[in-house]
1. Give the Kirkwood hydrodynamic radius (Å, one decimal) of the chain, defined as one over the mean of 1/r across all pairs of different Cα atoms.
2. Starting from the Cα of Tyr144, step 7 Å along the direction of its Cβ; do the same at Trp233; then give the gap between the two resulting points in nm.
3. List the residues whose amide H sits under 5 Å from the amide H of Ala253, counting only those 5 or more places along or on another chain, with H placed 1.01 Å from N in the peptide plane.
4. If each residue of separation counts as 0.36 nm, what is the full-extension length gain between Arg37 and Thr202 once their alpha-carbon separation is subtracted?
5. Could you order Arg146, Arg194, Arg20 by accessible surface area, starting with the largest, using a probe radius of 1.4 Å?
6. Could you derive backbone 3J(HN,Hα) for the stretch 47-54 from the dihedral phi with the Karplus parameters 6.51, -1.76 and 1.60 (θ = phi - 60°), listing whole Hz in sequence and x where the residue is Gly or Pro?
7. Among bridges DSSP assigns within the stretch 148-260, what percent are antiparallel (round to 5)?
8. Hey, what's the Kirkwood Rh for the stretch 146-186 if you take every pair of different alpha carbons, in angstrom?
Amino acid sequence: MHSKRQNEMIRYLSETRFARIEQLAELYHVSMETIRRDLLELEKDSAVKRVRGGVVYNSLRAQEVEYEKRMENNQIEKHAIAKLAAGYINDGDAIVLNNGTATLELARRLAEMRKQLTVVTNSPNIALVLNENKGISVYLTSGYLRKHNKSLVGSLCSDCLDNFKVDKAFVNIDGISIEDGVTQYNTEEAAVVRKMLDIGHTKIVLCEYSKFNEVAFNRVCPAEYIDCIFTDWNISPKEVKSWGDINIKVMVAPESVNSK
């Protein structure tokens, strides 16, 4: 789990792309040795790469981060995003949720609400959470169960999704940028996310600020294909404006909504 300083460092480097050790030490009012320890932790997660003279932001990652580690990262931000997104789901909506840490938080939020919903998902964990609410009808796709993160994928899953059309598709993604669009680490997960976006009338991405300008191995769709992004308060105003310039609305969860 990253510290607040480490998360701020990721955001800073995502904008500057390069920084010197002494520059970061001065910026965060800590010793250079503390910065080096922070960078060692961030390098383990492939968030940054140390180079001669400093550190660069690692925007392209081919390797999927362990699911347990993703569950630990940015928990407060995910709670806030889920709370905000839940407010945009109307009584009677049919929605689709892919397997992911932010979508799982959204499912937990929905399970506590008094809304009549129909939910399609490829996540057994999400299905079990929603099944606790009698007002929610749950459709769990078929498919091959990935041991890595317990999601259903493959052609059987995609064929199953072809049977549905939903009001809103909420997808948790690995990377997003205006230039490279929505991206995922795993090829089979990318195919499922692509299909879920296809069946959604409104296409919505859930992601923490750290996913912006990340580029994972598999391209899901161009940036212009989505309608809206729900993210957290750490995103820069410049990033929000850039997405607005291509007519994609960015909904920012304020820090004040971070309680469960």
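1. After inverting the pairwise mean of 1/r, the radius is 18.8 Å.
2. A separation of 4.3 nm, rounded to one decimal place.
3. Thr231, Asp232, Trp233
4. Additional length available on full extension: 55.1 nm.
5. Highest to lowest solvent-accessible surface, that is Arg20, Arg194, Arg146.
6. So the Karplus estimates, Gly and Pro as x, are 6, 9, 9, 6, 10, 4, x, x Hz.
7. Values: 6 of 21 bridges.
The antiparallel proportion sits near 30 percent.
8. Values: mean 1/r = 0.0796 Å⁻¹.
Taking the inverse mean of 1/r over all distinct Cα pairs, the stretch 146-186 comes out at 12.6 Å.
The values are calculated or read from the model by the stated rules, or taken from the named source; none is laboratory data. Please read all numbers here as calculations on a predicted model, not as lab measurements. So basically every Cβ, Gly included, is an ideal-geometry build from the backbone, and we count neighbours across all protein chains shown. Calculation scope for accessible area: heavy atoms of the full protein, side chains included, ligands and nucleic acids excluded. Shrake-Rupley method; radii C 1.70, N 1.55, O 1.52, S 1.80 Å.
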